Ligand SMILES: Cc1ncc(COP(=O)(O)O)c(C=O)c1O
């Protein structure tokens, strides 16, 4: 069977005609048509292989045979809704729970990250009887109305639309570019104090806190790693105000961070959210998701008297797939691979930082890594066009990476967990060449940027981050900047390109 049903030109034509224009496509001026995929590789209609550095949905590898088989076999036998007893549902709930702290014991199966977060808000509102929600700046939690309201990443793009009055935006705990940085003696407490102050202000105006919601590590917000201890303090403030803590693990869960199965566990054993939401990787591409909470929250939700019914959530096929994903993670030690390859990748990228003035910061855990590009290490001027240029040049080399964050200058690595050290070498080798070319064009050299080395990059690095010893930082001096480099034709061109 031909892998292509239509010529690429026809596919583009029909898409333009029949698919909503706000559904964006990667590399819109020269989109990629993918016809098959395996592991961490995707193939276009001509058989060209692309290395996938961004798809955290294909968590255990694209089209993993065990997952495909589990889904197909169950589909041959039965698919129906959760109003009938079925072993897959209860076995999956039990297996998922075993990965979590005991307290988080009740599951609701839904179909997308958005559905999971929307239900999490309903649970919080019902359990607390309160309405106000605190979210983090630059956060993204989903595409339905209730979640656009708590997603500054999205609602900042809207002009003239009034913000929901019961939503409150706390600063993102970004220690590189945020309000409190690595040179602060205790950024975790400083950021948590901001939340506490916000709670007091809400209460003074008669509001009542229902929930604080955050990704355990912020993804669209720019691969932000919150300082250790931040969430414990926030949870304490929020619970004191009668609210609950919702951890969004839609992007970062299921072993991606390497040292732990869930990214919230990076904060320490003493931190247990009240509600955890899961999505993307849970079904390796099959649309399914889950909300896990405590017995107390679930019982309060029951008190509404309203049945919770979800046509597709928890169907036998989804649960068979979910079980297969968990099996593969264990069988192939993918959490261990995330740790090992994540370390290797982060090490390679740290070397790029020593070499390239455009690299301002490397941060990550396991196979969740961000590379923040800046034009000036003192002013932290975002190298947005340059980041887009890197993405485009990588695409020419058949490597797929994306750039995100409020300035779209953070290169995001979040590949399938079967990503290898060879893949890391390939991607970083090309990034090295592209950055060298860009810096020549911009007249940026490490020599002249030593003078603009940012105070904030004098990171008091933990001796162990991402499980490995970081190399020492660049030397610092206090000279003045050589000025903001002129944009090259290349970077001006990159600005026009959208990924
Ligand atoms: C952190 C986070 N939460 C929730 C969602 C929404 O998930 P979905 O697109 O499956 O509705 C996303 C999607 O990108 C996300 O990144």
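Count of segment 336-382 residues, restricted to those that are assigned to a helix (DSSP H, G or I) and under 14 Å from residue 261 (Cα atoms), is 4.
Conditions (1) within 16 Å of the ligand (Cβ to nearest atom); (2) out of contact with any helix residue (DSSP H, G or I) (no Cβ under 6 Å at 6 or more places or on another chain); (3) outside the structural domain of residue 117 (by TED's automatic domain parsing); (4) touching a residue at least 24 places away in the same chain (Cβ under 8 Å), marked per residue:
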| site | (1), (2), (3), (4) |
| --- | --- |
| 165 | no, yes, no, no |
| 171 | no, no, no, yes |
| 185 | no, yes, no, no |
| 203 | no, yes, no, yes |
| 206 | no, yes, no, no |
| 216 | yes, no, no, yes |
| 224 | yes, yes, no, yes |
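Restricting the search to segment 395-409, which residues are touching a helix residue (DSSP H, G or I) at 6+ places or on another chain (Cβ under 7 Å) and either at pLDDT below 95 or within 22 Å of residue 218 (Cα to Cα) (or both)? Before you say what the answer is, go through the steps one by one.
Kept after step one, since they are touching a helix residue (DSSP H, G or I) at 6+ places or on another chain (Cβ under 7 Å), are these residues of segment 395-409: 397, 399, 401-403, 407-409.
Across segment 395-409, the qualifying residues are 401, 402, 403, 407, 408, 409.
Just to be sure before I move on: is residue 160 out of contact with any helix residue (DSSP H, G or I) (no Cβ under 7 Å at 6 or more places or on another chain), at positive phi and either assigned by TED's automatic domain parsing to the domain that holds residue 265 or modelled with pLDDT of 95 or more (or both) in the structure I sent? Please lay out each step first, then the result.
On the way: out of contact with any helix residue (DSSP H, G or I) (no Cβ under 7 Å at 6 or more places or on another chain): yes; at positive phi: yes; either assigned by TED's automatic domain parsing to the domain that holds residue 265 or modelled with pLDDT of 95 or more (or both): yes.
Yes, satisfied.
Taking (1) more than 13 Å from the ligand (Cβ to nearest atom); (2) surrounded by fewer than 23 Cβ atoms within 10 Å (Cβ to Cβ); (3) closer than 22 Å to residue 64 by Cα in turn, residue 255 satisfies each apart from (2).
Provide a single number: the residues in segment 120-141 that are outside any strand (DSSP E or B), within 16 Å of the ligand (Cβ to nearest atom) and in contact with a helix residue (DSSP H, G or I) (Cβ under 9 Å, 6 or more places away or on another chain).
In the first step, residues of segment 120-141 are kept if they are outside any strand (DSSP E or B); the result is 120-131, 137-141.
Add one more test, that the residue is within 16 Å of the ligand (Cβ to nearest atom), and what stays is 120-124, 137-141.
From what's left, in contact with a helix residue (DSSP H, G or I) (Cβ under 9 Å, 6 or more places away or on another chain): 121-124, 137-141.
Going through segment 120-141 one residue at a time, the tally reaches 9.
Counting only strands (runs of 3 or more DSSP E) wholly contained in segment 24-111, the ones carrying 2 or more residues that are under 30 Å from residue 422 (Cα atoms) occupy 34-38, 41-44, 49-52. Evaluation of residue 210 against the conditions (1) more than 15 Å from the ligand (Cβ to nearest atom); (2) surrounded by 23 or more Cβ atoms within 10 Å (Cβ to Cβ); (3) within 30 Å of residue 372 (Cα to Cα) shows that the sole unmet condition is (3). Considering segment 228-335, the qualifying helices (runs of 4 or more DSSP H), each wholly inside and each with 1 or more residues that are over 22 Å from the mean Cα position of the chain (by Cα) and farther than 25 Å from residue 192 by Cβ, run over 295-302, 316-331. The single condition among (1) buried (at least 24 other Cβ atoms within 10 Å of the Cβ); (2) within 16 Å of the ligand (Cβ to nearest atom); (3) at positive phi that residue 275 does not satisfy is (3).
The requirement of being at pLDDT 95 or above, surrounded by 12 or more Cβ atoms within 10 Å (Cβ to Cβ) and not assigned by TED's automatic domain parsing to the domain that holds residue 400 is not satisfied by residue 85.
Can residue 309 be described as away from the ligand (no atom under 16 Å from the Cβ) and surrounded by fewer than 18 Cβ atoms within 10 Å (Cβ to Cβ)? Spelling it out, residue 309 is indeed away from the ligand (no atom under 16 Å from the Cβ) and surrounded by fewer than 18 Cβ atoms within 10 Å (Cβ to Cβ).
The values are calculated or read from the model by the stated rules, or taken from the named source; none is laboratory data. Keep in mind it's a predicted model, so treat the numbers as computed, not measured. Methodologically, a virtual Cβ is constructed for each residue, glycine included, from the backbone with ideal geometry; neighbour enumeration extends over all protein chains shown.
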